[in-house]
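Report on one structure; see the data block that follows.
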Amino acid sequence: MSGLNLVTLLVPAYDPAINFYTETLGFALLEDSASLTNDGQPKRWVVVQPPSQTQPQTPGESTSATGPKVGGANILLAEADGPEQMSLVGRQFGGRVGFFWSVQDFWGTYERLRNKGVEFASEPRKEVYGTVVVFSDYLGNKWDLLGPVE
C-alpha cells in the first residue's frame, strides 16, 4: 500500500502518552513492542491509531512496514532522547496546529473529549469545510477536530 503510514510525535515518556491517547482521546494501541535505537539502546515501538479509521488495524499487527490499512496515518509515540528532543516536546509544530483529526460524529466526539477534560482553544465554529475546533493534547500540541459539512 502506498501512502503516509506513520507520523512521529515526541513524548517525554511512553506510558503517560499511551494513557492520554487511548483513555482520553480513544485511540487504539496498535503496537507496543521492544526495539532498539540506531546506536543499539533499548526503546519501545509504540503506535496508536485514531478511532475514526474506517478499517482498524488488528492490535498487535506490526505497523512498521504495512502502515495503516485505510485512510490516514497512525502516530508513532517516540520517547524524547536527550536535551534537544526534550526541548521540542509539545512544540514540534511551532505553535501551529500539527494534527487534523476528521470525525463523522463531531458533536459526540467533542462532548466526549470535553467530559474527559480536554482543553479547547475556543467554541466550535462552522467553516465552509465543516465544523472545527482547536484543542491541545496533554503536552500542548495543537489539534484540529474536524466534522463534516452540515
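The values are calculated or read from the model by the stated rules, or taken from the named source; none is laboratory data. Since we're looking at a predicted model, the values are computed, not measured. Cβ coordinates were reconstructed from backbone atoms using ideal geometry, including for glycine residues, and neighbour counts include every protein chain displayed.
Scanning segment 6-27 for residues that are among the aliphatic types (A, V, I, L, M), touching a Pro at 6+ places or on another chain (Cβ under 9 Å) and within 24 Å of GLU111 (Cβ to Cβ) returns a single hit, LEU25. Considered as a group, the residues in segment 3-34 that are among the hydroxyl-bearing types (Ser, Thr, Tyr) and not in a helix (DSSP H, G or I) include one that is surrounded by the fewest Cβ atoms within 10 Å (Cβ to Cβ), and that residue is THR8.
The residue that is nearest to VAL7 (Cα to Cα), among those in segment 97-127 that are modelled with pLDDT of 95 or more and among the β-branched types (Val, Ile, Thr), is VAL97.
Check segment 24-37 and report whether any residue there is among the aliphatic types (A, V, I, L, M), at pLDDT 95 or above and within 19 Å of GLU119 (Cα to Cα). Yes, some residue in segment 24-37 is among the aliphatic types (A, V, I, L, M), at pLDDT 95 or above and within 19 Å of GLU119 (Cα to Cα). Give segment 104-150 a look and list any residue that's surrounded by fewer than 12 Cβ atoms within 10 Å (Cβ to Cβ) and touching a residue at least 60 places away in the same chain (Cβ under 8 Å), or say none. GLY117 - this is the single residue of segment 104-150 that is surrounded by fewer than 12 Cβ atoms within 10 Å (Cβ to Cβ) and touching a residue at least 60 places away in the same chain (Cβ under 8 Å).
A count restricted to segment 82-100 and to residues that are touching a residue at least 40 places away in the same chain (Cβ under 8 Å) and at positive phi stands at 2. Scanning segment 114-130 for residues that are part of a strand (DSSP E or B) and more than 15 Å from SER102 (Cα to Cα) yields GLU119, PHE120.
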